[in-house]
1. Have a look at 183, 129 and point out the one that is under 25 Å from residue 23 (Cα atoms), assigned to a helix (DSSP H, G or I) and not aliphatic (A, V, I, L, M).
2. For region 71-123, enumerate the residues that are in a helix (DSSP H, G or I), in contact with a helix residue (DSSP H, G or I) (Cβ under 8 Å, 6 or more places away or on another chain), over 22 Å from residue 39 (Cβ atoms) and not hydrophobic (A, V, I, L, M, F, W, C).
3. Mind checking which residues of region 144-180 are in a helix (DSSP H, G or I) and within 14 Å of residue 71 (Cβ to Cβ)?
4. In region 72-110, which residues are surrounded by fewer than 21 Cβ atoms within 10 Å (Cβ to Cβ) and under 15 Å from residue 198 (Cα atoms)?
5. Can you tell me how many residues within region 149-200 are of a type in the set (Phe, Trp, Tyr), closer than 16 Å to residue 26 by Cβ and over 17 Å from the mean Cα position of the chain (by Cα)?
6. Could you list, in sequence order, all residues of region 111-127 that are touching a residue at least 24 places away in the same chain (Cβ under 8 Å) and buried (at least 17 other Cβ atoms within 10 Å of the Cβ)?
7. Being of a type in the set (Val, Ile, Thr) and without any contact (Cβ under 8 Å) to a residue 60 or more places away in the chain is the filter; apply it to region 55-71 and report the residue that is surrounded by the fewest Cβ atoms within 10 Å (Cβ to Cβ).
Amino acid sequence: MKTQQFWVRVFGLFGILGGLTLFIGDMLFYYHSSNTNLIENMGNASNNRIVASGVTALFAAWFLVLGVGQVYHAFKPSKPIFRNIVLGCFGAIFIAYGVIHGAYIAIASSAKLAIENNLNINETVSLANEANSILRLFVYPIFGILSVLFIILVWKRKTLYPRWMILFFPLTPFLMQSSICNNLSGSIWIVICGGYLNLILVLFFTASTIALWNKKI
C-alpha cells in the first residue's frame, strides 16, 4: 500500500512538472518585458530560445503521460471501460500538447524570417498557424468526451476524487480564460495568458496530488 501511494504521488509530481515544462517553453517563445504581441515576440526570440522551447515539448509530453498514472489510480472505483476511456483521452490530449507545442517552431521560424526580411508577419505565419489550428481540431472532441465522463463520475463519487476536483478539471479554468485575460495587461498578461493552457495542467495535477496524497482505496 505504501509503495502504491508513493507512486501515485510521484505520478502527480510528474504531471505538475510536465505542465511547468511546457509553461517554460511558452515563455521561451512569448516573453518580452513590454511587447504583448506574441507573434512578434516569437519572431524576435533568439534561435536558442526557439530551439529550447521546441525541446520542452518532448520532455513535457513524457512527463504529462506519466502523470496520467495518477488519474488512472483515482478512477479505480469506476467501471473498467470508463477508466480506460479516461486514460486514453488524457493520454491522447497530453501527447497532442507536445505535438502542438512542437509545431509552434514553424510559427516562430516564420515570424523570425518575416522580421528579418521585412515581410508581412501575419501573412508569413498564416500557413503554420493554419496547420496548428487543424491539429487542435482533433483534440476538441476528445476533450469533450473526457469532460463529460470526468465530471459525471467525480460528481457521482465513482472515483477517489472529492467533488471539488471538478473545479480544477481543465474545462473549468478553460471556460474562464477570456474573463481572466481580458482583465490583464503588460508582462503579467504574457505570463498568465501566454502560458494559460499549461498553467491549467499545473493547477489540475496540483489539486489531484493534494486530493490523493493520503487517499487509500
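1. 129
2. 72, 73, 83, 91
3. 146, 147, 149, 150, 151, 153, 154, 165, 166, 168
4. Residues satisfying the conditions are 93, 95, 96, 99, 100, 102.
5. The total comes to 1.
6. Listed by number, the residues that qualify are 111, 112, 114, 121, 125.
7. 55
Results for (1) touching a residue at least 24 places away in the same chain (Cβ under 8 Å); (2) of a type in the set (Ser, Thr, Tyr); (3) out of contact with any strand residue (DSSP E or B) (no Cβ under 8 Å at 6 or more places or on another chain); (4) under 25 Å from residue 36 (Cα atoms), shown as yes or no for each residue.
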{"position": "131", "(1), (2), (3), (4)": "yes, no, yes, yes"}
{"position": "147", "(1), (2), (3), (4)": "yes, yes, yes, no"}
{"position": "179", "(1), (2), (3), (4)": "no, yes, yes, yes"}
{"position": "191", "(1), (2), (3), (4)": "yes, no, yes, yes"}
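Each value in this text was obtained by applying a stated rule to the coordinates, not by laboratory testing. Everything numeric here is computed off the predicted structure, so don't read it as measured data. All Cβ positions, even for glycine, are placed from backbone atoms using ideal geometry, and neighbour counts span all protein chains on display.
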